[in-house]
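*Asks:* Have a look at this one.
The values are calculated or read from the model by the stated rules, or taken from the named source; none is laboratory data. Fair warning: this is a prediction, and the values are worked out from it, not measured in the lab. Here Cβ is always computed from backbone atoms with ideal geometry, including for glycine, and neighbour counts include all displayed protein chains. Accessible surface areas use protein heavy atoms only, side chains included; no ligands, DNA or RNA. Shrake-Rupley method; radii C 1.70, N 1.55, O 1.52, S 1.80 Å.
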Amino acid sequence: MSFTVPDLRYSFEALEPHIDAETMRIHHDKHHGAYVANLNKALDGTEYASWGPDAIVRDWSKLPEAVKTAARNNGGGHYNHTLLWESMAPGTGGSPSGSLASAIERELGGFESFKGELTKSALGRFGSGWAWLSLGMDKKLVVESTPNQDSPLSENRIPLLGIDVWEHAYYLKYQNRRADYLEAFFKVIDWKEIAKRFEKAMS
Ligand code: MN3
(Lines give C-alpha, C1' and ligand atoms only; values in the text may rest on other atoms or scores of the structure.)
Protein backbone atom coordinates (compact mmCIF):
# COMPACT_ATOMS: atom_id res chain seq x y z
CA MET A 1 0.00 0.00 0.00
CA SER A 2 1.53 3.27 -1.13
CA PHE A 3 -0.52 5.71 0.91
CA THR A 4 -1.34 5.52 4.61
CA VAL A 5 -3.43 7.56 7.05
CA PRO A 6 -1.05 9.42 9.38
CA ASP A 7 -1.54 9.06 13.13
CA LEU A 8 -2.91 12.07 14.97
CA ARG A 9 -0.45 13.92 17.22
CA TYR A 10 -3.21 14.15 19.89
CA SER A 11 -5.98 11.83 21.10
CA PHE A 12 -9.46 11.67 19.59
CA GLU A 13 -10.76 13.28 22.81
CA ALA A 14 -8.19 16.08 22.85
CA LEU A 15 -10.25 18.67 20.96
CA GLU A 16 -13.34 18.31 23.18
CA PRO A 17 -15.67 20.08 23.69
CA HIS A 18 -15.15 21.92 20.39
CA ILE A 19 -14.71 18.89 18.14
CA ASP A 20 -16.09 15.73 19.74
CA ALA A 21 -14.17 12.47 20.02
CA GLU A 22 -16.67 10.38 18.07
CA THR A 23 -16.53 12.77 15.11
CA MET A 24 -12.73 12.73 15.22
CA ARG A 25 -12.62 8.92 15.35
CA ILE A 26 -15.01 8.40 12.43
CA HIS A 27 -13.54 11.28 10.44
CA HIS A 28 -9.94 10.10 10.81
CA ASP A 29 -10.33 6.32 10.74
CA LYS A 30 -13.31 5.87 8.41
CA HIS A 31 -13.49 8.91 6.13
CA HIS A 32 -9.77 9.59 5.73
CA GLY A 33 -9.27 5.81 5.78
CA ALA A 34 -11.62 5.41 2.81
CA TYR A 35 -9.87 8.12 0.77
CA VAL A 36 -6.55 6.37 1.33
CA ALA A 37 -7.96 2.89 0.57
CA ASN A 38 -9.55 4.13 -2.65
CA LEU A 39 -6.43 6.02 -3.66
CA ASN A 40 -4.35 2.87 -3.19
CA LYS A 41 -6.90 0.84 -5.12
CA ALA A 42 -6.74 3.24 -8.04
CA LEU A 43 -2.98 3.79 -8.16
CA ASP A 44 -1.33 0.59 -6.85
CA GLY A 45 0.66 -1.01 -9.65
CA THR A 46 0.91 2.26 -11.61
CA GLU A 47 3.84 4.68 -11.76
CA TYR A 48 1.73 7.24 -9.83
CA ALA A 49 1.77 5.11 -6.68
CA SER A 50 5.23 6.49 -5.93
CA TRP A 51 4.14 10.12 -6.27
CA GLY A 52 3.61 12.06 -3.06
CA PRO A 53 0.06 13.19 -2.22
CA ASP A 54 1.01 16.79 -3.07
CA ALA A 55 2.21 15.81 -6.56
CA ILE A 56 -1.04 13.93 -7.18
CA VAL A 57 -3.13 16.89 -6.07
CA ARG A 58 -1.07 19.34 -8.12
CA ASP A 59 -1.10 17.25 -11.30
CA TRP A 60 -4.15 14.96 -11.17
CA SER A 61 -5.36 16.41 -14.48
CA LYS A 62 -2.28 14.98 -16.24
CA LEU A 63 -3.07 11.41 -15.13
CA PRO A 64 -4.69 8.87 -17.47
CA GLU A 65 -8.46 9.09 -17.88
CA ALA A 66 -8.97 5.76 -16.06
CA VAL A 67 -7.52 7.03 -12.74
CA LYS A 68 -7.96 10.79 -13.05
CA THR A 69 -11.21 11.15 -11.09
CA ALA A 70 -10.08 8.73 -8.36
CA ALA A 71 -6.80 10.63 -8.03
CA ARG A 72 -8.59 13.98 -7.87
CA ASN A 73 -11.17 12.95 -5.26
CA ASN A 74 -9.20 10.50 -3.13
CA GLY A 75 -5.82 12.15 -3.56
CA GLY A 76 -7.47 15.41 -2.58
CA GLY A 77 -9.21 13.72 0.35
CA HIS A 78 -5.91 12.30 1.58
CA TYR A 79 -3.95 15.54 1.16
CA ASN A 80 -6.64 17.82 2.61
CA HIS A 81 -7.27 15.69 5.70
CA THR A 82 -3.56 15.23 6.42
CA LEU A 83 -3.28 19.02 6.42
CA LEU A 84 -6.41 19.33 8.57
CA TRP A 85 -5.17 17.05 11.39
CA GLU A 86 -1.93 19.03 11.51
CA SER A 87 -3.84 22.33 11.63
CA MET A 88 -5.59 21.53 14.89
CA ALA A 89 -4.30 20.97 18.42
CA PRO A 90 -5.67 21.11 21.95
CA GLY A 91 -5.13 24.32 23.91
CA THR A 92 -4.79 26.49 20.83
CA GLY A 93 -7.17 28.91 19.08
CA GLY A 94 -6.67 32.65 19.48
CA SER A 95 -4.97 34.37 16.58
CA PRO A 96 -1.61 34.20 14.80
CA SER A 97 1.42 36.32 15.61
CA GLY A 98 4.55 37.25 13.70
CA SER A 99 4.78 37.62 9.95
CA LEU A 100 1.50 35.79 9.28
CA ALA A 101 -0.35 38.20 11.58
CA SER A 102 1.27 41.13 9.74
CA ALA A 103 0.27 39.73 6.34
CA ILE A 104 -3.33 39.21 7.51
CA GLU A 105 -3.35 42.75 8.86
CA ARG A 106 -1.93 44.22 5.66
CA GLU A 107 -3.78 42.15 3.04
CA LEU A 108 -7.02 41.04 4.70
CA GLY A 109 -7.78 43.94 7.01
CA GLY A 110 -6.84 42.24 10.27
CA PHE A 111 -7.75 39.01 12.03
CA GLU A 112 -11.43 39.72 12.73
CA SER A 113 -12.04 40.75 9.15
CA PHE A 114 -10.20 37.65 7.88
CA LYS A 115 -12.17 35.41 10.25
CA GLY A 116 -15.40 36.91 8.94
CA GLU A 117 -14.36 36.39 5.35
CA LEU A 118 -13.28 32.77 5.90
CA THR A 119 -16.50 32.03 7.82
CA LYS A 120 -18.56 33.58 5.03
CA SER A 121 -16.70 31.49 2.48
CA ALA A 122 -17.31 28.32 4.54
CA LEU A 123 -21.01 29.10 5.03
CA GLY A 124 -21.41 29.94 1.35
CA ARG A 125 -20.07 26.61 0.14
CA PHE A 126 -23.21 24.81 -1.06
CA GLY A 127 -23.02 21.10 -0.29
CA SER A 128 -19.62 19.59 0.45
CA GLY A 129 -16.24 21.22 0.25
CA TRP A 130 -13.64 23.31 2.03
CA ALA A 131 -12.88 26.93 2.92
CA TRP A 132 -9.23 27.97 2.71
CA LEU A 133 -6.61 30.47 3.58
CA SER A 134 -4.01 30.00 0.88
CA LEU A 135 -1.02 31.74 -0.62
CA GLY A 136 -1.02 32.72 -4.29
CA MET A 137 1.97 32.61 -6.63
CA ASP A 138 2.28 36.37 -6.08
CA LYS A 139 2.82 35.56 -2.36
CA LYS A 140 -0.45 37.23 -1.40
CA LEU A 141 -3.00 35.65 0.93
CA VAL A 142 -6.24 34.39 -0.57
CA VAL A 143 -9.50 33.36 1.14
CA GLU A 144 -11.36 30.90 -1.04
CA SER A 145 -13.56 27.85 -1.14
CA THR A 146 -13.42 24.62 -3.15
CA PRO A 147 -16.07 21.97 -3.82
CA ASN A 148 -15.70 18.30 -2.85
CA GLN A 149 -12.04 17.42 -2.17
CA ASP A 150 -10.53 19.92 -4.58
CA SER A 151 -7.52 21.81 -3.28
CA PRO A 152 -6.03 25.27 -3.99
CA LEU A 153 -2.83 23.34 -4.73
CA SER A 154 -4.31 22.24 -8.07
CA GLU A 155 -4.53 25.96 -8.95
CA ASN A 156 -0.92 26.61 -7.91
CA ARG A 157 -1.85 28.18 -4.61
CA ILE A 158 -0.41 26.82 -1.39
CA PRO A 159 -3.07 25.87 1.19
CA LEU A 160 -2.18 27.22 4.62
CA LEU A 161 -5.40 26.40 6.49
CA GLY A 162 -8.41 24.41 5.34
CA ILE A 163 -11.77 24.06 7.04
CA ASP A 164 -13.65 20.91 6.16
CA VAL A 165 -17.34 21.80 5.67
CA TRP A 166 -18.52 18.36 4.63
CA GLU A 167 -21.35 17.40 6.99
CA HIS A 168 -19.29 14.44 8.25
CA ALA A 169 -16.96 16.98 9.87
CA TYR A 170 -19.65 18.33 12.22
CA TYR A 171 -23.05 16.66 11.93
CA LEU A 172 -22.87 14.41 15.04
CA LYS A 173 -22.37 17.37 17.36
CA TYR A 174 -23.65 20.38 15.43
CA GLN A 175 -26.24 18.83 13.07
CA ASN A 176 -27.26 21.55 10.60
CA ARG A 177 -25.55 24.34 12.56
CA ARG A 178 -22.50 24.86 10.34
CA ALA A 179 -21.95 28.34 11.80
CA ASP A 180 -21.60 26.93 15.34
CA TYR A 181 -19.11 24.35 14.08
CA LEU A 182 -17.06 27.09 12.40
CA GLU A 183 -16.99 29.13 15.59
CA ALA A 184 -15.79 26.00 17.46
CA PHE A 185 -13.20 25.19 14.80
CA PHE A 186 -11.52 28.55 15.37
CA LYS A 187 -10.89 27.46 18.99
CA VAL A 188 -8.70 24.53 17.90
CA ILE A 189 -6.62 26.11 15.13
CA ASP A 190 -2.91 25.70 15.80
CA TRP A 191 -1.73 29.08 14.51
CA LYS A 192 1.91 28.25 15.24
CA GLU A 193 1.63 25.42 12.72
CA ILE A 194 -0.14 27.62 10.15
CA ALA A 195 2.51 30.34 10.64
CA LYS A 196 5.26 27.77 10.04
CA ARG A 197 3.55 26.76 6.81
CA PHE A 198 3.25 30.41 5.80
CA GLU A 199 6.91 31.17 6.49
CA LYS A 200 8.02 28.11 4.51
CA ALA A 201 5.79 29.08 1.58
CA MET A 202 7.15 32.65 1.63
CA SER A 203 10.82 31.65 1.65
MN1 MN3 B 1 -13.60 15.33 5.93
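*Asks:* About the Cα centre, and with charges only on the beta carbon of Lys, Arg (+1) and Asp, Glu (-1), how big is the dipole of the range 6-61? Nearest 20 debye, please.
*Replies:* 120 debye
*Asks:* A further question follows. For the chain, find the longest principal axis of its Cα atoms and tell me its angle to the long axis of helix 111-124, 0 to 90°, nearest 10.
*Replies:* The angle comes out near 40 degrees.
*Asks:* Another question about this same structure. In the chain, what is the volume of the convex hull around the alpha carbon atoms, normalised per residue and reported in Å³?
*Replies:* 114 Å³
*Asks:* Cα gyration tensor of the range 102-148, axes a ≥ b ≥ c as square roots of the eigenvalues: rounded (a/c below 1.5), prolate (a/b > b/c) or oblate?
*Replies:* Since a/c reaches 1.5 but b/c is at least a/b, the shape of the range 102-148 is classed as oblate.
*Asks:* Between Gly52, Gly129, Gly93, where does the largest GNM mean-square fluctuation fall for the chain, given springs only between Cα atoms within less than 10 Å?
*Replies:* Fluctuation is largest for Gly52.
*Asks:* Under 30 Å Cα to Cα from Lys192, which lysines show up? Leave out anything in the same chain fewer than 8 places away.
*Replies:* Within the straight-line cut-off, Lys192 pairs with Lys30, Lys115, Lys120, Lys139, Lys140, Lys173, Lys200.
*Asks:* Moving on. May I ask you to give the solvent-accessible area per residue for the chain, in square angstrom, as obtained with a 1.4 angstrom probe?
*Replies:* Value for the chain: 47 Å² per residue.
*Asks:* Mind listing the Cα extents of the range 20-87 along all three principal axes, in Å, largest one first?
*Replies:* 39, 21, 18
*Asks:* Three principal axis extents, largest first, for the C-alpha atoms of the range 98-202, in Å?
*Replies:* Principal-axis extents of the range 98-202 (Cα, largest first): 37, 27, 21 Å.
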